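A short worksheet on the structure shown next.
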Amino acid sequence: SIKKMLENEINKDQDKKQLKTTAKPYKRVNKNAPKNIDLNQIAYQYFGGVDLMAIEGVSHSTIMGIMSEVGLEGFSKFASAKHFTSWMHLTPNTKITGGKVINSHIPKGGNRLKIILRNAANVIGGLKDTHLSNFFRRILNKSDRATAISATARKLGVIIYNMITKKEPYKPPTDYLFLDEKRKQGLVKQIRKHIHKFDLTPEDLGLKST
């Protein structure tokens with residue numbers, strides 16, 4: 001089984017076995033995802049402490065696609081992120097005349113991972129106020145949705161390549177709160193407002209003061 005195969009790979013390295021990532025309840029589990037497997041945790045161990053699930057838009061199916069199409073050692077075959085995205089046919093063919101771009105398009109073809117990253121990019125296009133969704137919309141404002149999906153998929157490929165080959169954590173320049181976190185903060189704000197309004201004490205709330 002997939003679970004057994006991944007566990008066997010992780011068990012070869014004692015350092016990987018000790019790794020522990022954070023739970024991500026806000027990540028939707030695709031119906032086609034492997035059953036009875038914590039892919040968030042196993043992927044973190046499999047890639048040696050690289051938390052790909054921290055990227056918005058990356059799902060369980062995205063992770064499975066990366067594992068099956070590239071694998072653990074596959075990234076070392078690509079000299080750079082540009083080579084990696086070119087392999088997926090996500091690097092645009094650009095024609096330049098007189099210093100001006102006259103034509104730029106993503107070549108046809110590619111592989112299954114290209115489709116998987118484009119699916120993730122399409123999901124990102126539906127998110128609000130994230131680093132990657134803002135990038136998606138900037139492209140969309142200048143072009144069409146297909147181009148925005150391809151550009152975002154390429155950017156996603158670059159991020160994934162750098163995270164895995166350089167052990168870089170995902171650190172977007174702008175913070176993003178997932179829906180569950182936004183609801184939590186909103187609830188905390190309401191509770192604080194009511195505590196202040198009614199001058200409630202820990203004892204009123206059935207809490208033990210420390």
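The values are calculated or read from the model by the stated rules, or taken from the named source; none is laboratory data. Owing to the predicted nature of the structure, the values given are computational and were not obtained by experimental measurement. Neighbour counts run over all protein chains shown; Cβ positions are idealised from the backbone, glycine included. Just the protein is used for accessible areas: all its heavy atoms, side chains included, with ligands, DNA and RNA removed. Shrake-Rupley method; radii C 1.70, N 1.55, O 1.52, S 1.80 Å.
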**OP:** Give me the distance between the Cα centres of segment 56-84 and segment 116-164, rounded to whole Å.
**Re:** 16 Å
Original post:
Ordered by packing density, taken as the mean number of other Cβ atoms within 10 Å over each peptide's residues, highest first, how do 148-161, 63-76, 194-207, 40-53 rank?
Top reply: 148-161, 40-53, 63-76, 194-207
Original post:
For a label point 7 angstrom out from the Cα of K167 toward its Cβ, which stretches of segment 41-68 have the backbone nitrogen within less than 11 Å?
Top reply: 48-50
Original post:
With every protein chain kept in the model, how would you rank K142, K27, K189, K166 by accessible area, 1.4 Å probe, largest at the top?
Top reply: K142, K189, K166, K27
Original post:
How long is segment 2-176 along each principal axis, judged by its Cα atoms, biggest number first, in Å?
Top reply: 57, 34, 29
